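Each reported figure results from applying straightforward, stated rules to the coordinates on display, with no laboratory input. All values reported here derive from a predicted model rather than from experimental measurement. Cβ atoms come from the backbone with ideal geometry, glycine included; neighbour counts cover every protein chain shown.
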Amino acid sequence: MDVPDRLIPGGRAELIFNFGDPADWLITADNPHGTRLSEPVIMGQRNQIFYVKSTGKIRLLGIRFKPGGLAAFTNVPISDLLNMLLPAELLLGKAVKSLEMRLSDCSDDDRQIQLLDAILKTELRNTPANLLVVNQTIDMLRDSRDDISIDTICQQTGWYYKKLERIFLKNIGYTPKHYHKILRFNKAVRYMRTTNTLTDVCHVCNYFDQAHFIRDFRLFTGTTPSQFKKEDNKIADFLIKHQSV
């Protein structure tokens, strides 16, 4: 990465091991140098555009937790991690350091992934409370062709919005409405790969108009849709291609 690369919000917290040179994370206009950490880190879910820049050799191993997944490893409210980067040891304990050493001794990437998967399964602390409610809400948001609203979900299920909001903040780190906004944005970015017209994107993703879509797009990417498509966004393109929200 000779220039900073975009980290667009994807709705998930991440655990990242760095076996290369240090990287400058969460760069913004107000914090142009970002945060440099070479140890394992937790990068919280984000609600704005950030950038990352490598200082040399890149060799990362990361996990993007499913929505609510990180809550199975900690009692810290996930909302406390919004737009945060912190040493993973602070959240997951001293076992992280031992895990990093064992991962660095692995002979190949596949072995690293197998080891990481096995060890994390032994570190599960709890099943997040109300996880079923979280999963049902997310499934309804993802599966609806008409961009169902949170209010409609509450009406159909009988859940009170304020209770649903508390559950989401504890387990996912966003309010339901803001998570819905992130979900719709990511759907739009993926759909942009198949069409050249913003009118189609707005229609398929249920934006009120192009101005509404462009406003959200600028917030989450720092640029316009047309400029974003022209640029080389390695991290964003990889996640868009291989990982849903």
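Sites counted here are chymotrypsin sites (Phe, Trp or Tyr not before Pro) in a DSSP loop (not H, G, I, E or B) having no more than 14 other Cβ atoms within 10 Å; the longest part of the chain that contains none of them is 1-159.
Using only the alpha carbons of the stretch 131-242, what is the convex hull's orientation-averaged projected area in square nanometres?
7.5
Spin-label model, I214 to K230: label points 7 Å out along the Cα-to-beta-carbon direction sit 1.4 nm apart. Looking at the stretch 111-198, the trypsin sites (Lys or Arg not before Pro) that sit in a DSSP loop and have at most 11 other Cβ atoms within 10 Å of their own Cβ are R145, R193.
Over 31 Å apart at the Cα level, from the set K94/K177; K57/K181; K57/K229; K97/K163, are K94/K177; K57/K181; K97/K163. Considering the chain as a Gaussian network with a 10 Å cut-off on Cα pairs, which listed residue, D147, D117, D24, attains the greatest mean-square fluctuation? Between D147, D117, D24, it is D117 that shows the largest mean-square fluctuation.
Computed from these coordinates, which is Cα extents along the principal axes in Å: (i) 53, 40, 29; (ii) 70, 41, 31; (iii) 51, 43, 34? Answer label, from the structure shown: (iii). The base-10 log of I(q)/I(0) for the stretch 1-78, evaluated at q = 0.11, 0.14 Å⁻¹, reads -0.29, -0.47 [Debye formula, identical scatterers on Cα atoms, solvent excluded].
In terms of surrounding Cβ atoms within a 10 Å radius of their Cβ, E14, E165, E123 rank from fewest to most as E123, E165, E14.
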